[in-house]
Every structure is written in C-alpha cells, then in structure tokens.
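Every number here is computed from the coordinates shown, using simple stated rules; none is lab data. Quick caveat, the model's predicted, so the values are computed rather than measured. Here the Cβ positions follow ideal geometry from the backbone for every residue, glycine too, while neighbour counts run over all protein chains shown.
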Amino acid sequence: GENVEQHPSTLSVQEGDSAVIKCTYSDSASNYFPWYKQELGKRPQLIIDIRSNVGEKKDQRIAVTLNKTAKHFSLHITETQPEDSAVYFCAASLSNFGNEKLTFGTGTRLTIIP
Amino acid sequence: NAGVTQTPKFQVLKTGQSMTLQCAQDMNHEYMSWYRQDPGMGLRLIHYSVGAGITDQGEVPNGYNVSRSTTEDFPLRLLSAAPSQTSVYFCASSPRILAGRAADTQYFGPGTRLTVL
C-alpha cells in the first residue's frame, strides 16, 4: 500500500517568515494530494490540494508543489501569522476513484513565534 | 446543512464493552470513511464505504465493524473494546468520485474521543 512520510515533525518560525513542510509518497499511481490543517481539539480541515496533472497550486499565502518524478510534494506558507499555528497533515490518494484510501502523513506541528 | 455530525463527543468504556459511534451527513455524499487519530501517528483509515450497501477495510480494521444501510449514515461498531482502541475517531465524507476523474475534498466530522479503561 501507499506510505507517506512527512517532515519535519515540529517547526517553529518567526511571524512573517515562511514555513515549508515536505512529504514523500511511495506509490507512483497516487494522483491526489491534499493538505489538512488541524487546530487543537478541532477536526482536520482542507487548506489546499493538488492533483497529479498539476505541478504547483497557490491560494493567497499558501502554495503546494508536486514533483511526480521524485514522488514528493511540499506545502509553503508565506508571511506566517499567529493563526497559522496548528498541526498540518499531508495525504496521498492511490485509487483511480479518488480518495477512497487516503493515506496521511504523521503531521507537522507548526508554531509561529510572535 | 449540518455537514458531517458525530455522536457522542466523548465516551468512556470498560474493557470488553461494546458500543456504536454514530456518523451522519446531509450532503448526499456517497463516500464515507472512519479514521482513528493517535498521537504521532496521524490519521489511519479504519473502514470506508463508496455507497449504500458497500463497505471495505482500511489500514486498521481489526476490532471494528461497519455497515452502510443508507447514504446518510455510517456507524462504527466496537465489538469488544480494548485499551488499544483509546483514540480520537473521525468520520469523513466526500462526493462520489467517477471513474477516471480526480478526487474531491473529504469533509470531517467533529470527532469522538474514546477512552477504554
């Protein structure tokens, strides 16, 4: 099955700086890569996703890049703000029917230092 | 539109007890799934369903049963609770994915925090 590795497990950045979280996946058939943000005690919420036919996607301060050859994808957050502090999870979907078997990384705890 | 709802929010069980975690969605989503979340391990898929009457196992199915009699509901049953099942359980749903089409967003419920003593 699919295996997703996520690094780093913890990340602290100064407010206003950029944060980068990286994930690698094992199965080249994976075709959908979402990123979720989870605040303490809350449910995971999708913040951005990318499909295998796209190399980069941006939404305001958040961007995701995908390198299919190397089988890795990254989340980039620019101009970080205190409300960006949370745990971030990457995931990869293997099935042609989409996200039937979404495999998650182990999460990155991002702390924004004021 | 309530989205994905889960009950109860908290539950304490004794070893060997059984119970059902409830999950419902009002978005007419065909795909539903159950995850457990443990510290340092992310979210792991327990069972999933691509439509009423169809279920399949995920990564960690042992000790859990599911059924999908309606599109709206996807209950998770713990047959004989064990301390290793202490976790936070999330239910999620997403629209039907047509063959050859890209995936879509999964919407998560608020979670159930389960403690097994």
What residue among B:Ser67, B:Ser33, B:Ser80 has the largest mean-square fluctuation in a Gaussian network model of chain B, using Cα springs under 10 Å? B:Ser80
Determine the alpha carbon to alpha carbon distance for each of A:Lys42/A:Lys68; A:Lys37/B:Lys14; A:Lys22/A:Lys58; A:Lys37/A:Lys57; A:Lys22/A:Lys101 and list only those over 24 Å. A:Lys42/A:Lys68; A:Lys37/B:Lys14
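Give, as a single signed number, the net charge of other residues whose beta carbon lies under 14 Å from the beta carbon of A:Glu83, with Lys and Arg counted +1 and Asp and Glu -1. Display every interim value, and only then the final one.
Numbers: positive: A:Lys37, A:Lys42, A:Arg61; negative: A:Glu15, A:Glu39, A:Glu79, A:Asp84.
Neighbourhood net charge equals -1.
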Less than 11 Å Cβ to Cβ from A:Thr111, Lys/Arg counted +1 and Asp/Glu -1: what total charge do the surrounding residues give? -1
State, as an integer percentage, the relative contact order of the stretch A:14-114 based on alpha-carbon contacts under 8 Å between residues 6 or more apart. 34 percent
How high is the relative contact order of chain B, given as a whole-number percent (alpha carbon pairs under 8 Å, six or more residues apart)? 35 percent
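Once the Cα gyration tensor of chain B is diagonalised, what are the square roots of 5 times its eigenvalues, in whole Å and ordered largest first, as equivalent ellipsoid semi-axes?
Value: 24, 14, 13 Å, ordered largest first.
Residues with beta-carbon under 10 Å from that of B:Phe90, excluding B:Phe90: net charge, scoring Lys, Arg +1 and Asp, Glu -1? Working shown, then result.
Numbers: positive: A:Arg43, B:Arg36; negative: none.
Once positives and negatives cancel, what remains is +2.
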Just A:Ala19, A:Ala70, A:Ala91 to compare: in a GNM of chain A, with alpha carbon springs under 10 Å, which one fluctuates most? A:Ala70
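Report the full-extension gain for the segment B:Ile54 to B:Arg113: residue separation times 0.36 nm, less the Cα-Cα distance, to one decimal in nm. It would help to have the intermediate numbers written out before the result.
Details: separation 59, 0.36 × 59 = 21.24 nm, distance 2.63 nm.
Contour length minus the Cα-Cα distance gives 18.6 nm.
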So if R0 is 22 Å, what FRET efficiency would B:Ala2 and B:Thr105 give, r being the distance between their Cβ atoms, rounded to the nearest 0.05? 0.85
May I ask you to order B:53-66, B:82-95 by the average number of other C-beta atoms within 10 Å around their residues, highest value first? B:82-95, B:53-66
Taking the Cβ-Cβ separation of A:Leu40 and B:Asp73 as r and a Förster radius of 22 Å, what is the calculated FRET efficiency to the nearest 0.05? 0.15
Where a Cα-Cα gap under 16 Å defines reach, which aspartates and glutamates qualify for A:Lys71, not counting those fewer than 8 residues away within the same chain? A:Glu2, A:Glu5, A:Asp27, A:Asp49, A:Glu56
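Just counting partner chain Cβ atoms within 10 Å, what average do the residues of peptide B:48-59 show around their Cβ?
Values: counts 4, 1, 4, 0, 0, 0, 0, 0, 2, 1, 5, 5.
For this peptide, the per-residue mean of nearby foreign Cβ atoms is 2.
Suppose every Lys and Arg Cβ carries +1 and every Asp and Glu Cβ carries -1, with no other charges. What dipole size does chain A come out with about its Cα centre, to the nearest 20 debye? Before the final figure, lay out the partial values.
On the way: 12 positive and 13 negative charges, 48 e Å.
Taking the Cα centre of chain A as origin, the dipole is about 240 debye.
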Describe numerically, in nm with one decimal, the distance between label points set 7 Å from Cα along Cα→Cβ at B:Val12 and at B:Val88. 2.0 nm
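Using the beta-carbon distance between B:Met27 and A:Arg51 and R0 = 30 Å, what value does 1/(1 + (r/R0)^6) give for FRET efficiency, to the nearest 0.05? Could you put the intermediate results ahead of the total?
Details: r = 21 Å, r/R0 = 0.71.
The value I calculate is 0.90.
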